[in-house]
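Participant: Take a look at the following structure, please.
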Amino acid sequence: MDALLRSKRFEAVAAATQGEVIEALGRTRFDVVLISTNFSQDALEGLLFVREIRTLDPEVNIVVLLDAMERSLVVEAFRCGARGVFCRSDSFQTLCKCILCVHEGQVWASSTELQFVLEALVEPLPIETRGLPNSRPLSKREEEIAHMVAEGFSNRQISERLVLSEHTIKNYLFRVFEKLGVSTRVELTLYALKRGKIPRTRPPAANTLAKAEPRLVSNEN
């Protein structure tokens, strides 16, 4: 954390407790939050704080700092709403790349970590909404778009394939998010992978990191 505070690339604020993190988020709008799982002796319990932050600020981008890339922790971090996972053993330069990537709206995870997610979501069920409060079933078009998002297609690519405007695709996605009880494309992808047989036709296109000076808060000492 000291390296982040000294870095001229970021405007960083340190927070040592959950209360300090929540207080900082209440005072200032941050672009990225780095969250350690050390708030609790049980790392999985520590990840519940990620979900709490997502409830308080659905727009904030969260990176979970892990002592080791354990399969269960990686999967649960994304289920709780993280946009990336980062191992403490990696370099500071890599952490900077992770922050910039997540700040630009991308997901930070290695191929191994993504494989953890796929392996954890075996024997999926069809995408459905039964069991969710006030749920309604997806229409055939909504389910088709949900699957395409899970495959990694952008709104523009979906609109080109379905010969629909991007505005129409956004409206469909809004209804899909509402019906499934998710708020981001990452959550939709994980939900679809868990409950639907997603054909992996191609990997998502590589993204270029843009120069940025994001504001971030971290509970890392």
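Participant: What is the calculated FRET efficiency for Glu52 to Ser165, with r their C-beta to C-beta distance and R₀ = 35 Å, to the nearest 0.05?
Facilitator: Taking R0 as 35 Å, the efficiency between Glu52 and Ser165 is 0.40.
Participant: Additional query: Can you work out ³J(HN,Hα) from phi for every residue in the range 48-58, in order, using Karplus 6.51 cos²θ - 1.76 cosθ + 1.60 and θ = phi - 60°, giving whole Hz and x for Gly and Pro?
Facilitator: Couplings: 4, 5, 4, 5, 5, 5, 4, 5, 6, 9, x Hz.
Participant: Viscosity 1.567 mPa s, temperature 4 °C: give me the Stokes-Einstein translational D for the range 140-195 in µm²/s, with Rh taken as the Kirkwood radius over C-alpha pairs.
Facilitator: After rounding, the answer is 118 µm²/s.
Participant: List every residue whose amide H lies under 5 Å from the amide H of Trp108, counting only residues 5 or more places away in sequence or on a different chain, with H placed 1.01 Å from N in the peptide plane.
Facilitator: Answer set, sorted by chain and number: Gly84, Val85.
Participant: Under the rule of at least 5 residues apart or a separate chain, name every residue whose amide H is placed under 5 Å from the amide H of Leu138.
Facilitator: Thr129
We did not get these values from a lab; they are worked out from the coordinates using the rules stated. Since we're looking at a predicted model, the values are computed, not measured. Cβ sites come from the backbone with ideal geometry, for glycine too, and all protein chains shown count toward neighbours.
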